[in-house]
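Throughout, read-outs are computed from the coordinates displayed, never taken from laboratory work. All values reported here derive from a predicted model rather than from experimental measurement. Virtual Cβ from ideal backbone geometry, glycine too; neighbours counted across all protein chains shown.
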Amino acid sequence: MKLICFCCMCVLGILLAGCCPGGCFIATGKDVEALINARPYLLQWAKADVTPESRRMDSRTCGSDLLETVPYPDGIAFSQDRIQKEQQPREDDRAAYSRLFDNWQRCMLKKGYRYTGQCYDNEISRALPACGAP
């Protein structure tokens, strides 16, 4: 009985600490606040005097299939059909999705939007049009 209780406590502790096969993390302070108060990606694109519906329409015009269901209202996505149409021979879904996402960002920038989200000093951010890449 003691062994079972100890194992249950270990599992509970692991879950609460955010452990997974790749390692453990414990979110604290600003990290927890950022997770709790995360803004949908589309709302991280600002333009003077734009209404929420105009922003959604611009996003659709730029190729996004909006996620309008909870928990991701105002998120952007690309349908599997759109991704498959974008795929080039011997290319996986990720490469096609990445190209669609970059093109979506370029389109939003051309429409006068400014990305207000976080750009990091790393290879991934430096490759994003929203963070200054061509």
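So the values come out like this:
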| read-out | value |
| --- | --- |
| Segments 74-81, 89-96 sorted - mean Cβ within 10 Å per residue, highest first | 74-81, 89-96 |
| Radius 10 Å from Cβ of L43, net charge of other residues (Lys, Arg +1; Asp, Glu -1) | +1 |
| Distance in nm between pseudo-label sites at D102 and M57 (7 Å out along the Cβ direction from Cα) | 3.0 nm |
| Extension gain (nm, one decimal) between D93 and D121, 0.36 nm per residue minus Cα-Cα | 7.5 nm |
| Around C131: net Lys/Arg minus Asp/Glu count, Cβ-Cβ under 14 Å | 0 |
